[in-house]
Amino acid sequence: MLERRKPGLVMALTKLCAQHMWRVPSYFSCCPEEIGEDPLETYFQNLKVGAVFAYNDVYPKSTVVEFVKTKNNLSILVMCEKEDLKPWSIAEITFENGYYVHSSLGSYFEKDGADKVFCIEQGLEWAGGDTFDDFC
């Protein structure tokens with residue numbers, strides 16, 4: 001188990017995975033089945049645009065739209081889309097204490113709302129102005 005459990009952290013349905021601020025336990029299709037020398041790089045290589053990122057029995061499948069390594073390669077950001085009221089979402093993947101931790105960074109009504117968070121979480125400046133999601 002993870003040595004330091006954060007509030008909102010639960011084990012995922014996929015081996016070696018945990019979820020943070022992600023209520024329904026899920027499967028993560030692109031997650032490596034084993035831990036190699038560079039766990040995040042292995043995960044990054046498994047990600048493909050259009051691939052199923054996460055699924056469970058409650059919500060529609062999330063598919064990968066875009067993904068990027070953050071500065072210093074400490075995490076991976078993944079933008080996903082699904083058929084839902086808020087179809088856009090951002091997840092951050094880290095590797096902590098032998099587990100791939102998937103943290104929800106929110107879901108969004110419109111793609112530009114997700115684009116804004118995706119940009120800012122990379123440490124980049126957002127030049128697109130306010131989005132609909134800023135007011136929700």
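Here is a check on your reading of the model: is residue 64 of a type in the set (Val, Ile, Thr), within 16 Å of residue 29 (Cβ to Cβ) and either surrounded by fewer than 18 Cβ atoms within 10 Å (Cβ to Cβ) or out of contact with any His (no Cβ under 6 Å at 6 or more places or on another chain) (or both)? Spell out the reasoning first.
Values: of a type in the set (Val, Ile, Thr): yes; within 16 Å of residue 29 (Cβ to Cβ): yes; either surrounded by fewer than 18 Cβ atoms within 10 Å (Cβ to Cβ) or out of contact with any His (no Cβ under 6 Å at 6 or more places or on another chain) (or both): yes.
So residue 64 passes the test.
Name every residue in the range 6-23 that is over 14 Å from the mean Cα position of the chain (by Cα), part of a loop (DSSP other than H, G, I, E, B) and within 19 Å of residue 106 (Cβ to Cβ), in order of residue number.
6, 7, 8
Taking the range 38-69, which residues are closer than 15 Å to residue 94 by Cα, in a loop (DSSP other than H, G, I, E, B) and of a type in the set (D, E, K, R)?
38
Please indicate, with yes or no, whether at least one residue in the range 114-134 is in a strand (DSSP E or B) and touching a residue at least 12 places away in the same chain (Cβ under 8 Å).
Let us first name the residues in the range 114-134 that are in a strand (DSSP E or B), namely none.
Checking the range 114-134: not a single residue is in a strand (DSSP E or B) and touching a residue at least 12 places away in the same chain (Cβ under 8 Å).
Within the range 40-61, how many residues are in contact with a Pro (Cβ under 9 Å, 6 or more places away or on another chain), within 17 Å of residue 83 (Cβ to Cβ) and surrounded by 18 or more Cβ atoms within 10 Å (Cβ to Cβ)?
0
Could you say whether any residue in the range 67-82 is at pLDDT below 95, under 28 Å from residue 13 (Cβ atoms), touching a Lys or Arg at 6+ places or on another chain (Cβ under 7 Å) and of a type outside the set (A, V, I, L, M, F, W, C)? I'd like the intermediate steps shown before the answer.
Going residue by residue through the range 67-82, those that are at pLDDT below 95 are 70-74.
Adding the requirement that they be under 28 Å from residue 13 (Cβ atoms) leaves 70, 73-74.
Subset that is touching a Lys or Arg at 6+ places or on another chain (Cβ under 7 Å): none.
Among the residues of the range 67-82, not one is at pLDDT below 95, under 28 Å from residue 13 (Cβ atoms), touching a Lys or Arg at 6+ places or on another chain (Cβ under 7 Å) and of a type outside the set (A, V, I, L, M, F, W, C), which makes the answer no.
Only one of 72, 97 is touching a Leu at 6+ places or on another chain (Cβ under 7 Å) and either surrounded by fewer than 19 Cβ atoms within 10 Å (Cβ to Cβ) or of a type in the set (D, E, K, R) (or both); which? Talk me through it step by step, then tell me what you get.
On the way: 72 fails: touching a Leu at 6+ places or on another chain (Cβ under 7 Å).
Sole residue among the options that is touching a Leu at 6+ places or on another chain (Cβ under 7 Å) and either surrounded by fewer than 19 Cβ atoms within 10 Å (Cβ to Cβ) or of a type in the set (D, E, K, R) (or both): 97.
The values are calculated or read from the model by the stated rules, or taken from the named source; none is laboratory data. Computed from a predicted structure; not experimentally measured. Neighbour counts run over all protein chains shown; Cβ positions are idealised from the backbone, glycine included.
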